[in-house]
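*Asks:* Can you keep this structure in mind? I'll have questions shortly.
The values are calculated or read from the model by the stated rules, or taken from the named source; none is laboratory data. It should be emphasised that the depicted structure is a prediction, and the values quoted were computed from it without experimental measurement. All Cβ positions, even for glycine, are placed from backbone atoms using ideal geometry, and neighbour counts span all protein chains on display. We work out accessible area using only protein heavy atoms, side chains counted, and drop any ligands, DNA or RNA first. Shrake-Rupley method; radii C 1.70, N 1.55, O 1.52, S 1.80 Å.
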Amino acid sequence: MKSVTVLNQTVQPGKIICIGRNYVAHIEELGNEVPDDMVIFLKPNTAIDTVLHATHQGEALHYEAEIVYHYQNGRFTAAALGLDLTKRDLQTQLKTKGLPWERSKVFEGAALFSAFVELPEVDAPLGLTLHIDDALTQQGDTSLMLYSPEVILSEVQKVIPLEDGDLVMTGTPKGVGAVVAGQVFRGTLTCDGKERVSVSWKAQA
């Protein structure tokens, strides 16, 4: 089982629940429609990796930076910055045919995470930034989400029970694009303008 670091402890998530189309600006940049209901899909534990790749089995990958929560004892207990990697061309083909698009999301290396840190006690939105080669590429916070973390927790539980150790990826703001080998990605989780945790990856061919 693949693992992540949560509050300085090694945790093996049973599954990763992902929320799609949760930022209006991202919905618009991909030409999608605002969904009537929450979009939920899964990534397996085997998708977790620590190395960012530009391709998988010859297919180009796109990055999506996200705020990610760790679930324990009925609530979210920690948060991280994550990357959801997508085979965009394959996803588009599957969506055009009206087919499920998990095949574009569940491969090995499709989910990368910073360390998970304790949630802040202050009542302020969690945010994220993603810089690629020092250029700000993505930025957003929980106040911009169609579904807040509290609503996500409630709604996901109605669809698929969460178990201790599970991770929930909450969607991506606008600014997604292709991963290019050699680029340096630096993602940061923030709260009230202050950095909570950061992580860097250099994209491999």
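*Asks:* Just one of 90, 94, 61 is buried (at least 18 other Cβ atoms within 10 Å of the Cβ) and modelled with pLDDT of 95 or more; which is it?
*Replies:* Testing whether each residue is buried (at least 18 other Cβ atoms within 10 Å of the Cβ) and modelled with pLDDT of 95 or more leaves just 61.
*Asks:* Identify the single condition in (1) modelled with pLDDT under 95; (2) farther than 30 Å from residue 74 by Cα; (3) of a type in the set (A, V, I, L, M, F, W, C) that residue 145 does not satisfy, given that it satisfies every other one.
*Replies:* Result: residue 145 passes all but (2).
*Asks:* So, one more: From the list 68, 106, 117, exactly one residue is outside any strand (DSSP E or B) and β-branched (Val, Ile, Thr). Which is it?
*Replies:* Values: 68 fails: outside any strand (DSSP E or B); 117 fails: outside any strand (DSSP E or B).
Result: 106 is the single residue among 68, 106, 117 that is outside any strand (DSSP E or B) and β-branched (Val, Ile, Thr).
*Asks:* If you don't mind, another one. Output the residue which, of all residues in the stretch 133-150 that are in contact (Cβ under 8 Å) with a residue 60 or more places away in the chain and assigned to a helix (DSSP H, G or I), is most open to solvent (accessible area, probe 1.4 Å).
*Replies:* 144
*Asks:* Go through the stretch 179-195 and give me each residue that's over 14 Å from the mean Cα position of the chain (by Cα), open to solvent by less than 70 Å² (accessible area, probe 1.4 Å) and farther than 12 Å from residue 135 by Cβ.
*Replies:* 179, 181, 182, 190, 191
*Asks:* Hey, among the residues in the stretch 110-132 that are crowded, with 18+ Cβ neighbours inside 10 Å and among the small types (Gly, Ala, Ser), which one's nearest to residue 192 (Cα to Cα)?
*Replies:* Ranking the qualifying residues of the stretch 110-132, first place goes to 127.
Residue-by-condition table, conditions (1) within 18 Å of the chain's Cα centre (by Cα); (2) loosely packed, with under 14 Cβ neighbours inside 10 Å:
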position: 6; (1), (2): yes, no
position: 10; (1), (2): no, yes
position: 22; (1), (2): yes, no
position: 25; (1), (2): yes, yes
position: 38; (1), (2): yes, no
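*Asks:* State whether the residues of the stretch 73-82 include one that is modelled with pLDDT of 95 or more, polar (S, T, N, Q), open to solvent by less than 30 Å² (accessible area, probe 1.4 Å) and under 21 Å from residue 200 (Cα atoms).
*Replies:* The answer is no, given that none of the residues of the stretch 73-82 is modelled with pLDDT of 95 or more, polar (S, T, N, Q), open to solvent by less than 30 Å² (accessible area, probe 1.4 Å) and under 21 Å from residue 200 (Cα atoms).
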